[in-house]
1. Name the long-range amide H neighbours of LEU49: under 5 Å, sequence gap of 5 or more, or other chain; modelled H, no Pro or chain starts.
2. Based on the Cβ-Cβ distance from GLN13 to ARG46, what FRET efficiency comes out when R0 is 22 Å, to the nearest 0.05?
Amino acid sequence: MYSPWTGSELHLQLWAGGIDTLIITGGVTDVCVLAMMLGAIDWGFRVILVTDAPLQLGRRDPRRHDECLFRGSRFKP
């Protein structure tokens, strides 16, 4: 399970705390970070993706990191 949104009430806890914006970083851009980012968007949160902070930065394939950043940029207001 890569998404913190599945089977949890994370979104409710964040809303209860008045949080509407998430700054996201993580371990692997094309797995955990992507799952967190897309789930946050699905739940209506504003997302800021720290593009140079994920640990692996697509170490397995740098193109995958760049592709994930492109996907995230499509959701900018």
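1. HN-HN under 5 Å from LEU49: ILE24.
2. On the way: r = 17 Å, r/R0 = 0.76.
It comes out at approximately 0.85.
Read-outs: derived from the displayed coordinates by stated rules, not from any lab. What you see is a predicted model, and the numbers here were worked out from it, not measured in a lab. Cβ coordinates were reconstructed from backbone atoms using ideal geometry, including for glycine residues, and neighbour counts include every protein chain displayed.
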